[in-house]
Structure formats: structure tokens, C-alpha cells
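Working notes, structure below.
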Amino acid sequence: MTINQDCLDLSHHFSNPNIISIFSYKSFLANGIEGRKNLAHQTGFNPNSLLNPKQTHSTNVVLWEKPGSVMDTDGIFTSNPKLVCSIQVADCMPVYFAHKNKPFFGLVHAGWRGLVHGILLQSAKCIKENEKALSDFDVLIGPSIQNCCFEVSDDVIDQFDSRFVEKKEDGKYRIDLQKMALSQLVKSGFQSEKIIILNECTFCNEDKYHSYRRNGNKAGRMIGLLGMK
């Protein structure tokens, strides 16, 4: 598999040697489904094997075994090694899950709304319902907005776990979404030593990543892909 300069190859973070994990940079033009197919083609995946969730900032997580679009879903898992999970993000956390040696893997789009409402807990539930042990999974949280740049006001602060909140002098609050996600994952049963968090802030790194908080409706999107050799 050839990874070009428009992509970040995350595969080496997973103990399963057959896992291929990709995250696109800002330089890659990610336009809808066609953008995902183009990235799949460029990285050696079959574009017709993509799972394309229609993301709505929900807590819906599903196991899906045939390619195509999946409506109103922000977490997509499969046990079919021929399929490729995909998501798009622009500050939200791309969360990659992969079993250490079996063909069971998934990608989750976790924005702050999904996080506070339990999308990672639903991800754990999906895995357990399919008779897999959470301790057998590697988890990676990819580039996303970090606590240096993620701020909220009084109107939503009560939705966040206070352990991950820092009040600023201007009356706003900084939230550490990655530590909050780590806490939820460990509480669910994943092993902390098998969880990797990339400290790449999408807001700060304007040359590398799109950011909705930085650029608003004009922001582009990065694509995450997860599949097997």
C-alpha cells in the first residue's frame, strides 16, 4: 500500500499487522463521498468497499456488513475484512478501534455533543454485544481540537465533566475533550495502555488541518479510513 504526502499513516499504532489506518491532511481535497472514494483509491483500498455513515452528531453506533451509505450514524464497525470504514471531521475526534488479531474494527466521529451524550459508551456496547473483549482492542484518537483552543460559554458548560474543565479569566471555559474521552474509554473497559491520543490540534495547525472553529462554514474536512490489507 502506498501512502502519499496528503495522508497521515496511523497503521503502526495498531498491534494487528493487517490494519491500515489513514487520516488525510488539509492538502487532500475531501469533497463528499467522491473525496472518500478518491482517498481510498490513492491509498490502495477498494473505493467500492467503503462504509459511509451520514454523520449527524448522534450517539448512533452500528455494526455494518455491506458497503454503502449508513443513515444517521456517527460510529461504524464491521467484521468484514473486505470493507473500509470512513468518517469526515474538522475539529471533532476521529476515534479508531481495532481488534488485536481478528477482523473487527470501527471508526467513530466524536464531537463534543456526541462525547457528552455517550457515543464512546455506545461504541463499547457495540463491541461487547458482538462478543468481543474490550481489552483486546487498540484505540487511537486522531488529530482534533485540543484544550488549548476548545472553549465554551456558560450556556453549555454544565454538560461537561468538571474534571476536564478549566475556567479562563474572560469567563469562558477550556475543555480537554481528549482526556474526557480517555476517561470514558477506560471506564467502559478499554485498557489505558492500549489507547493512544495524538496531540495534534486541528485549530492550531492551520497549515496541516481544516478547522470548523477556525474557519466556520468555509472549513473543509479531513477523512479517516480504517480497513485491512
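The values are calculated or read from the model by the stated rules, or taken from the named source; none is laboratory data. Values in this document were obtained by computation on a predicted structure and should not be read as measured data. FYI the Cβ positions are ideal-geometry reconstructions off the backbone, even for glycines, and counts take in every protein chain you see.
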**Item:** Answer from S162, S183 - the residue that is out of contact with any Phe, Trp or Tyr (no Cβ under 9 Å at 6 or more places or on another chain), of a type in the set (S, T, N, Q), farther than 16 Å from V89 by Cα and free of Cβ contacts under 8 Å to residues at least 24 places away in the same chain
**Value:** S162
**Request:** Test H57 against the stated conditions and say whether it is surrounded by fewer than 17 Cβ atoms within 10 Å (Cβ to Cβ) and under 25 Å from I127 (Cβ atoms).
**Result:** yes
**Asked** So G35 clears everything in (1) farther than 17 Å from L107 by Cβ; (2) assigned to a helix (DSSP H, G or I); (3) modelled with pLDDT under 95; (4) of a type outside the set (D, E) except one condition, right? Which one?
**Response** (1)
**Message:** Given the criteria in contact with a strand residue (DSSP E or B) (Cβ under 9 Å, 6 or more places away or on another chain), in contact (Cβ under 8 Å) with a residue 12 or more places away in the chain, of a type in the set (A, V, I, L, M) and over 21 Å from S24 (Cβ atoms), does I195 qualify?
**Reply:** yes
**Prompt:** Would a scan of segment 43-62 turn up a residue that is touching a Phe, Trp or Tyr at 6+ places or on another chain (Cβ under 8 Å), in contact (Cβ under 8 Å) with a residue 24 or more places away in the chain and more than 15 Å from G224 (Cα to Cα)?
**Reply:** yes
**Request:** Pick out, from segment 53-99, the strands (runs of 3 or more DSSP E) lying fully within it that include 1 or more residues that are within 12 Å of the chain's Cα centre (by Cα).
**Result:** 75-78, 84-89, 93-99
**Message:** Taking the condition of being surrounded by 14 or more Cβ atoms within 10 Å (Cβ to Cβ), touching a Pro at 6+ places or on another chain (Cβ under 7 Å) and not basic (K, R), how many residues in segment 24-54 meet it?
**Reply:** 4
**Request:** From the list L198, L182, L226, pick out the single residue that is surrounded by fewer than 19 Cβ atoms within 10 Å (Cβ to Cβ) and either over 20 Å from G75 (Cα atoms) or out of contact with any helix residue (DSSP H, G or I) (no Cβ under 6 Å at 6 or more places or on another chain) (or both).
**Result:** L198
**Complete:** Across segment 84-143, the tally of residues that are closer than 16 Å to I20 by Cβ and not aromatic (F, W, Y) stands at 16
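Would you check if I196 is in a helix (DSSP H, G or I), among the hydrophobic types (A, V, I, L, M, F, W, C), closer than 18 Å to G106 by Cβ and within 17 Å of the chain's Cα centre (by Cα)?
no
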**Asked** When G220 is evaluated against the numbered criteria (1) modelled with pLDDT of 95 or more; (2) assigned to a loop (DSSP other than H, G, I, E, B), which criterion, by number, is the only one it fails?
**Response** (1)
**Message:** Tell me yes or no: at least one residue of segment 3-17 is within 29 Å of K132 (Cα to Cα), in contact with a helix residue (DSSP H, G or I) (Cβ under 9 Å, 6 or more places away or on another chain) and surrounded by 21 or more Cβ atoms within 10 Å (Cβ to Cβ).
**Reply:** no
**Request:** Could you tell me which residue of segment 71-91 is farthest from K229 (Cα to Cα), considering only residues that are surrounded by 18 or more Cβ atoms within 10 Å (Cβ to Cβ) and of a type in the set (A, V, I, L, M, F, W, C)?
**Result:** A90
**Message:** Checking Y209 against (1) over 24 Å from T59 (Cβ atoms); (2) in contact with a helix residue (DSSP H, G or I) (Cβ under 9 Å, 6 or more places away or on another chain), only one condition comes out false. Which one?
**Reply:** (2)
